[in-house]
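A.B. asks: This is the structure I have questions about; it appears just below.
The values are calculated or read from the model by the stated rules, or taken from the named source; none is laboratory data. If you're wondering where the values come from, they're calculated on a predicted model, not measured in any experiment. When we count neighbours, we look across all protein chains shown, and the Cβ atoms used for this are built from the backbone with ideal geometry, even at glycine. Accessible surface areas use protein heavy atoms only, side chains included; no ligands, DNA or RNA. Shrake-Rupley method; radii C 1.70, N 1.55, O 1.52, S 1.80 Å.
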Amino acid sequence: MFSERTALTAMQTLNRRQITPRIKLYLSKKLNLPLVKPERVNLVINNTCNLQCVMCDLWKVQDDQVLSLDQVRKLLDEMAAWGTKFLTLTGGEPLLHPDFFRIVEEAADRGITTEVNSNAAFGEALAERIQASRLDRFNISLDGTRPETHDAIRGRPGTFDRAVRLIQALNRRRSSSADRPVLIITCTIMNQNLEELPGMIDFARRHLFSGVSYNTVT
């Protein structure tokens, strides 16, 4: 059996392990020095997008810059060397990247958990490829429970219906909200959708989502 002294020492050691990285992270931000290795990486793999969201100016720039697969591989190798275990792929619309699914596979080969931030406006076309990939989490942008609300914010008619068709196609291959890829709703809080925010919870339950993330415009 552990003695009281042994238990206290173990708790102190655990606390140091938990607290020390947070102190270093705080100092890193204050001093603008890399004192800790990142626990997660958010990677913008492309700037291209298929929508014209009212809270985003990226589509106005028309910047078609894309990270090559070789560039991403080098970053994945650095992450693996750091011991970083979580990667968020974002853009633009990252599913438009020509090597998106290859990137997911290469990250998984290095033991890195992947998630993507996507508008999901692709209909059923990509459901099979997404399900067959090793993508762990699929964050789907939905800004209303009604098509007219979501489409007005996202700047393209039919966007809501295409996203829902993709969700339904994925769920035909999933039996519970825990099945991969885990689905999360990401909702941007706007004046246009305030009345529909509570309804996102019911929508999430009906469509096997694991959670809803409400975000402010930044």
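A.B. asks: Just to confirm my numbers, what's the Cα centroid distance between region 79-133 and region 163-218 in Å?
C.D. replies: 18
A.B. asks: Place +1 on the Cβ of every Lys and Arg and -1 on the Cβ of every Asp and Glu in the chain, take the dipole about the Cα centre, and give the residue among Ser141, Tyr26, Ala204 whose Cα lies farthest towards its positive end.
C.D. replies: Positive-end residue among those listed: Tyr26.
A.B. asks: With Cα Rg over 2.2 N^0.38 Å as the read-out, I listed (1) 1.14; (2) 1.18; (3) 1.23; which label goes with the value calculated from this structure?
C.D. replies: Checking each listed value against the structure points to (2).
A.B. asks: Can you compute the charge dipole magnitude of region 99-183 about its Cα centre, using +1 on each Lys and Arg Cβ and -1 on each Asp and Glu Cβ, nothing else charged? Give it in debye, rounded to the nearest 20.
C.D. replies: Here region 99-183 has a charge dipole of around 180 debye.
A.B. asks: In terms of solvent-accessible area of protein heavy atoms at a 1.4 angstrom probe, what is the ranking of Asp99, Asp77, Asp64, Asp143, highest value first?
C.D. replies: Descending order: Asp64, Asp77, Asp99, Asp143.
A.B. asks: Give, rounded to the nearest 20 debye, the magnitude of the charge dipole that the chain has about its Cα centre when Lys and Arg contribute +1 at Cβ and Asp and Glu contribute -1 at Cβ.
C.D. replies: The dipole of the chain has a size of about 900 debye.
A.B. asks: At a 4.7 angstrom Cβ threshold, list every cysteine in the chain that has nobody to pair with, or say none.
C.D. replies: When partners are defined as cysteine Cβ atoms under 4.7 Å apart, the chain leaves Cys49, Cys187 without one.
A.B. asks: Related question: When only the heavy atoms of the protein chains count and the probe is 1.4 Å, how do Trp82, Trp59 rank by accessible area, highest first?
C.D. replies: The ordering from most to least exposed comes out as Trp82, Trp59.
A.B. asks: Considering the chain as a Gaussian network with a 10 Å cut-off on Cα pairs, which listed residue, Lys29, Lys60, Lys74, attains the greatest mean-square fluctuation?
C.D. replies: Of Lys29, Lys60, Lys74, the Gaussian network model singles out Lys29 as fluctuating most.
A.B. asks: Name the most mobile residue of Ile189, Ile153, Ile167, meaning the one with the largest mean-square fluctuation, in a Gaussian network model of the chain with Cα contacts below 10 Å.
C.D. replies: Ranking Ile189, Ile153, Ile167 by mean-square fluctuation puts Ile189 first.
A.B. asks: Please list, in order along region 185-196, the HN-Hα scalar couplings obtained from phi with the Karplus expression 6.51 cos²θ - 1.76 cosθ + 1.60 (θ = phi - 60°), rounded to whole Hz, x for Gly and Pro.
C.D. replies: So the J values, rounded to whole Hz, are 8, 10, 10, 8, 6, 9, 4, 5, 10, 4, 5, 9.
A.B. asks: Per residue of region 82-87, in order, report the coupling 6.51 cos²θ - 1.76 cosθ + 1.60 (Karplus, θ = phi - 60°) as ³J(HN,Hα) in whole Hz, putting x for Gly and Pro.
C.D. replies: My calculation for region 82-87 gives 6, x, 5, 10, 9, 10 Hz in order.
A.B. asks: Looking at the chain as a GNM with Cα springs under 10 Å, which of Gln131, Gln52, Gln65 has the largest mean-square fluctuation?
C.D. replies: With Cα springs under 10 Å in the chain, the top fluctuation among Gln131, Gln52, Gln65 is at Gln65.
A.B. asks: Here's something else I'd like to know. Using a cut-off of 11 Å between beta-carbons, work out the net charge of the residues near Phe160 (Lys and Arg +1, Asp and Glu -1, Phe160 not included).
C.D. replies: +1
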